[in-house]
1. Can you tell me how many residues within segment 32-59 are part of a strand (DSSP E or B) and touching a residue at least 60 places away in the same chain (Cβ under 8 Å)?
2. When you check G81 against the structure, is it surrounded by 20 or more Cβ atoms within 10 Å (Cβ to Cβ) and closer than 30 Å to E102 by Cα, yes or no?
3. Of the residues A352, A328, A254, A335, which is farther than 25 Å from A235 by Cβ and under 18 Å from the mean Cα position of the chain (by Cα)?
4. Can you name the residue in segment 224-240 that is closer than 17 Å to A297 by Cβ and without any contact (Cβ under 8 Å) to a residue 12 or more places away in the chain and, of all such residues, is nearest to the chain's Cα centre (by Cα)?
5. Considering only segment 160-207, how many residues are in a helix (DSSP H, G or I) and touching a helix residue (DSSP H, G or I) at 6+ places or on another chain (Cβ under 7 Å)?
6. Taking the condition of being closer than 23 Å to R397 by Cα and among the polar types (S, T, N, Q), how many residues in segment 313-357 meet it?
7. Residues that are buried (at least 21 other Cβ atoms within 10 Å of the Cβ), over 13 Å from A114 (Cα atoms) and either within 16 Å of the chain's Cα centre (by Cα) or of a type in the set (S, T, Y) (or both): does segment 40-50 have at least one?
8. Among the numbered criteria (1) within 17 Å of L96 (Cβ to Cβ); (2) touching a helix residue (DSSP H, G or I) at 6+ places or on another chain (Cβ under 7 Å), which one does S4 miss?
Amino acid sequence: MSDSLMQRLADLATASDSPDGLTRLFLSPAHGKAMAMIERWMRMAGLTTHRDAIGNLVGRTDTPGPVLMLGSHIDTVRDAGWYDGTFGVLAAIAALEQLRAEGETLPYGVEVIAFGDEEGVRFPQTLSGARAIAGTFDPAALAGVDEHGISMAEALSAFGGDPANIAQVARQRGNVLGYVELHIEQGPVLEAHDLPVGIVTAINGASRFSVTVTGEAGHAGTVPMKMRHDALAAASAMVLAIESIGRATPDLVATVGALRVHPGAPNSIAGRVTFSIDIRAPADALRAKAVAAVVTALREITDARGVTVEILQTHDAPATECALPLQAQLARAVAACGIAPLHLPSGAGHDAMAVAALCPVAMLFVRCKGGISHAPEEFLAAADAQTAVSVLVEFLRNFQTI
């Protein structure tokens, strides 16, 4: 099973909008090529398939009644790895194939969903496919345009979707038992614990800010050190303060990922600096406390250094808790496969965040080499891929509704 799964992952990586590396954007020709490949594999697993109005591909077993949803996304970032998102879709198909080959019929329906847009690379909105399934898609997103000025509505129509009927994609709560997503960890924790899989406790909430520090520009050679109002020196102190706050609290991460200096000359004192802040935590109260601590620290540094600061929030997403009963069922499946269950939060966003508005969700993380993701160096060992499929098969065999 692992050989065919890994070969499919390699084959799917050929569906790219770029001749150099893997880039597969929502509603692009590569997206269409990938859908055709996955649809064929779904049908080989005995699933009935259809493509919905928002560009998702859905495969369903023939058991009537409410369904357990499995899946992930098949779009990528630019110059991506082979496993982010796509592993969750192909692993779900592989698990159902294994059950079918062994003559087992599940007493409940299963849907495997290949979401078309999670990354949000082409258009301004992220998680479009999952939002549509959950009934939270905002029609205003259809007016968003890509770098070529093509709107999502135009691209969707050209792709064969139906912008006018996206609302019909939404599932009804009574028809869904839950959602389980397999995904590479995109981090180093499982590798550090020498474990192939882990159970996700929550998907971190995130707060992002744009910060502008304004001081006084001047000549690097003529302004005495004691008379300076150096925006870059102040911003540097702020960056270290943000890092310190992030280090001080378990499960909290705080990052400055972008910084711009004006005028940015080697012989000039910086008069203005802008930088980003990204703060994430699995609990919203923890994240809010960290945000307050960061704001206080920045204002104290401002007062001490004679500069001013403007802090603008640009993004706020609440944490998504994975359902405890589903976590417990995944943990039992992991243990049944001879692996010590490890629970860990997810620092990255996933389709499950949006699906959680509809039903209970859970995630199983799979070890990836070095924790590297969103890069060509992303790597998943075949043995770990097979272990994850085995855990999913065990979970499906013993799944209990909650």
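The values are calculated or read from the model by the stated rules, or taken from the named source; none is laboratory data. In this text the structure is predicted, and so the values were computed from the model without any measurement. Heads up, the Cβs are rebuilt from the backbone with ideal geometry, glycines too, and the neighbour counts pull from every protein chain shown.
1. The number of residues fulfilling the criteria is 1.
2. No.
3. A352
4. Taking the candidates together, the pick is L240.
5. Residues meeting the conditions: 4.
6. Final tally of qualifying residues: 2.
7. No, segment 40-50 contains no residue that is buried (at least 21 other Cβ atoms within 10 Å of the Cβ), over 13 Å from A114 (Cα atoms) and either within 16 Å of the chain's Cα centre (by Cα) or of a type in the set (S, T, Y) (or both).
8. Result: S4 fails condition (2) only.
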